[in-house]
Structures are given as C-alpha cells and as structure tokens.
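Asks: Below is a structure I'd like to ask you about.
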C-alpha cells in the first residue's frame, strides 16, 4: 500500500475509494471519477502529498468536466475553511475576492457548523447568479454545498435538516427538483 502525506504532515494509506467518492461529490460522473482515479494511480508514489494528488485531479477534471472542477473548488471553500485551488495550488481566499458575493460570512474552522452559514452561502450564490455566473455553475456549487452539509461533522442533525431545506428552497426557486436523501441524516 502506498502512503501519502496529508497537509498536516501526517501519513495515511492511499484510499482510492475516498478519492473516487470525493470526485463524485463534486458532481462528476462515475466514469469520469474512475478515469481520474486511474490517472492518479499511474502517478502515485510513496510520500506523494495530497496537494500533488489534488493537482492531478483538478487538471484532469478541468479537461473532462469543468462544472465539476468548479464544484470541487467551491466545496473546498465551504467545507475546508475558505481554501480553494487554482491550477492545483492552494490559495487562501481573501474577503471580497474569488467567488464571494456582497455578503461575506467566514466559515468557522474546518467545515460548516450551522444553517446560518448555509443561508449566507446561498445568498452568495444568488449574487453570483445576478452577476452572470451560469446556471450550470450554480447547480454544481449547490450540489457541492449539499454534499458539504451531508459530510460535515460540525453540524447537528436539526441544523443539517434546516440547511437541506434552505438548499432545496433555492433549487425550487430556480425551477429545479429538490435533492432527496438516499440515507437518513446522522
């Protein structure tokens, strides 16, 4: 098993299922996710950093599914403390810069912790739509936000329910079907 270096300096075994699931969570198809995992496995070496893996994923994803690339970056921002990736390199997103609407709310620590944060992010998405960001991009970002809500461990079940309702209300405003849960919330 190949061990990879995480951003905190610790090592863990490479987990292709974890990578596959994160690519799917960005909205990519199973076929694209499989192709990207295979590409990463070809380049994988002992001690490879998660940033290097992310760079391979984003480069390939950008070619195969630009909307999923956009969703991946958005997910990184909302789920991992306002960090996004440009050309595979980590950059801190300053207030008033990259993908931020008129109202900026910092996400507490790593990951979402309240429906209020989700509400503010949805307001940003509405601003983005008003500023001409495509509906396809908004759809990809909403999916990434939905996945971030489902995956966060910093939000109570009732807050997750409120957050999903906020997301689905916005989807319905846009004329889209609401997301349905495949499994009960935890």
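The values are calculated or read from the model by the stated rules, or taken from the named source; none is laboratory data. Bear in mind that the values here come from a model prediction, so they are computed numbers and not experimental data. All Cβ positions, even for glycine, are placed from backbone atoms using ideal geometry, and neighbour counts span all protein chains on display.
Asks: Is it true that residue 122 is under 26 Å from residue 18 (Cα atoms) and assigned to a helix (DSSP H, G or I)? Before the answer, list the steps.
Replies: On the way: under 26 Å from residue 18 (Cα atoms): no; assigned to a helix (DSSP H, G or I): yes.
Against the criterion (under 26 Å from residue 18 (Cα atoms) and assigned to a helix (DSSP H, G or I)), residue 122 does not qualify.
Asks: Can you tell me which condition residue 147 does not meet? The list is (1) in a helix (DSSP H, G or I); (2) modelled with pLDDT under 90; (3) more than 21 Å from residue 24 (Cβ to Cβ), and all the others hold.
Replies: In the conditions (1) in a helix (DSSP H, G or I); (2) modelled with pLDDT under 90; (3) more than 21 Å from residue 24 (Cβ to Cβ), residue 147 misses (3) alone.
Asks: Looking at (1) part of a helix (DSSP H, G or I); (2) crowded, with 17+ Cβ neighbours inside 10 Å, which is the only condition residue 161 fails?
Replies: It is condition (2) that residue 161 fails.
One line per residue, one yes/no per condition, for (1) touching a helix residue (DSSP H, G or I) at 6+ places or on another chain (Cβ under 9 Å); (2) over 20 Å from residue 71 (Cβ atoms):
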| position | (1), (2) |
| --- | --- |
| 1 | no, yes |
| 6 | yes, yes |
| 20 | yes, no |
| 23 | yes, no |
| 27 | yes, no |
| 33 | yes, no |
| 43 | yes, yes |
| 47 | no, yes |
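Matching residues to (1) at pLDDT 95 or above; (2) more than 16 Å from residue 72 (Cα to Cα); (3) surrounded by 17 or more Cβ atoms within 10 Å (Cβ to Cβ); (4) not assigned by TED's automatic domain parsing to the domain that holds residue 25:
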{"residue": "100", "(1), (2), (3), (4)": "no, no, yes, yes"}
{"residue": "106", "(1), (2), (3), (4)": "no, yes, no, yes"}
{"residue": "112", "(1), (2), (3), (4)": "no, no, yes, yes"}
{"residue": "116", "(1), (2), (3), (4)": "no, yes, no, yes"}
{"residue": "122", "(1), (2), (3), (4)": "no, yes, yes, yes"}
{"residue": "152", "(1), (2), (3), (4)": "no, no, yes, yes"}
{"residue": "156", "(1), (2), (3), (4)": "no, yes, no, yes"}
{"residue": "184", "(1), (2), (3), (4)": "no, yes, no, yes"}
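Each row is one residue, and each column tells you yes or no for (1) exposed (fewer than 14 other Cβ atoms within 10 Å of the Cβ); (2) on the phi > 0 side of the Ramachandran plot; (3) in the same structural domain as residue 145 (by TED's automatic domain parsing); (4) in a helix (DSSP H, G or I).
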residue: 19; (1), (2), (3), (4): no, no, no, yes
residue: 35; (1), (2), (3), (4): no, no, no, yes
residue: 38; (1), (2), (3), (4): yes, no, no, yes
residue: 45; (1), (2), (3), (4): yes, no, no, no
